[in-house]
Amino acid sequence: MGRSDPKRVAILVHRQVALFELGCATELFCLSRPGMDELYQGEVVSFAPEAPVGVGGVSLQCKQISNLLDYDLLVVPCWSTTSQAKDRYLDSLYGALEGFVAEGRQTLTFCSGSFLPAEVGLLDGKQATTHWRYADVFKQRFSNVEYVGDVLYVWQGVLACSAGSSAAIDLGIEYLRRNHGHQFANSVAKRLVMSPHRQGGQAQFVETPVPKRPDHFSGALDWALANLHKPIMVGDLAEQAHLSRRSFDRKFRQSMGVAPKEWLIQQRLRMAQKALESGKESVDLVAQIAGFESSATLRHHFRKVFGISPGQYQRQFACPERLGVIEEE
């Protein structure tokens, strides 16, 4: 079977651009790195005739386009949070975006980028998010959109929105994971020196006070990661951290943004993904490796988080020559 052509990625900017979010997009889809050049070919584009301007007066030279259907993936790093005066370039862009989504092609928005599809009406009746500091403006302007606050990203079919700053990379890594598997996404995250996978439902902003004295909290997390194949109770983690259960629960939520049980499930699912992608183990054995009570428990959590069964995931991402172990589900 021949190798398919790389997906063409349009990174859309307009008259003003946020340089950090633009940098996230180009880092993910334009930077040449092993394995990426064969998958993606990204370029920064604009419908406006003038060069976009960034913070500090930086002007950006980019390709001017009049349609989006030459592209397979659209990334909107940022957008104006105030209503813009209509002109023929905006009208052309709005029509092109409607056509792009109607074709079932994927759009990712970073930070204020979700204001664009919301303006066009593409998020009506759907969930969306943006940076927390734009939340009130977003809700006032787009009452037909179900705004979801305090999350890293929201995925709604072909429209996916992230909060600001590093959450943009989280959404990009999630896109790569969904399309190319956990191992590939981890390799990209590693090159970006990022966490390989933060769940979209994690909080945008988490209070993480600097401890006044050394503690055993991080050691408890390391212990849990080394013992995921064993039964682990939250009380065990508290004991490893030398804290009472109540103090541990409070510190965990402050530091990680999720409950200890939810964090344990996330780590077990991550381990399960890696084992499934090896293609060497059955789903029953993967459940044991990842510390789930049974394969039924693994299937329940896997479907809830990823929307597919472990077997389907393995068929999608494991090496073809190793797929003999997969059981039908």
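Can you give the FRET efficiency for Q288 and K63, using 1/(1 + (r/R0)^6), R0 = 56 Å, r = Cβ-Cβ distance, to the nearest 0.05?
Calculated transfer efficiency: 0.60.
What is the distance in Å between the Cα centroid of segment 120-169 and that of segment 63-114?
Cα centroid of segment 120-169 versus Cα centroid of segment 63-114: 15 Å apart.
Lysine pairs, Cα distance under 23 Å, 8 or more residues apart or cross-chain: how many in the chain?
Final tally of qualifying lysine pairs is 16.
Of the GluC sites (Glu not before Pro) in segment 1-99, which ones lie in a loop per DSSP and count no more than 14 other C-beta atoms within 10 Å?
E38, E50
Between A296 and D150, what length comes free when the chain is fully extended (0.36 nm per residue of separation minus the Cα-Cα distance, one decimal in nm)?
Full extension of this stretch gives 49.5 nm more.
If each of K126 and R8 carries a label point 7 Å out from its Cα toward its Cβ, how far apart are those two points in nm?
In this crude spin-label approximation the distance works out to 2.2 nm.
Round to the nearest 10 and give me the degree value, 0 to 90, for the angle of helix 88-102's Cα axis relative to the longest principal axis of the chain.
40 degrees
Determine, for each peptide in 294-303, 107-116, the mean count of other beta carbons within 10 angstrom over its residues, then list the peptides with the highest first.
Taking the mean over residues of other Cβ atoms within 10 Å, the ranking is 107-116, 294-303.
Once the Cα atoms of helix 182-191 and of the chain are each reduced to a long axis, what angle between those two axes, in degrees from 0 to 90 to the nearest 10, is obtained?
Computed tilt is about 70 degrees.
Please state the relative contact order of the chain as a whole percent: Cα pairs under 8 Å, 6+ residues apart?
11 percent
The numbers here are math on the coordinates, done by the rules we state, and not lab data. Quick caveat: nothing in here was measured; it's all calculated off a predicted structure. In this analysis, Cβ positions are derived from the backbone assuming ideal geometry, glycine residues included, and neighbour counts consider all displayed protein chains.
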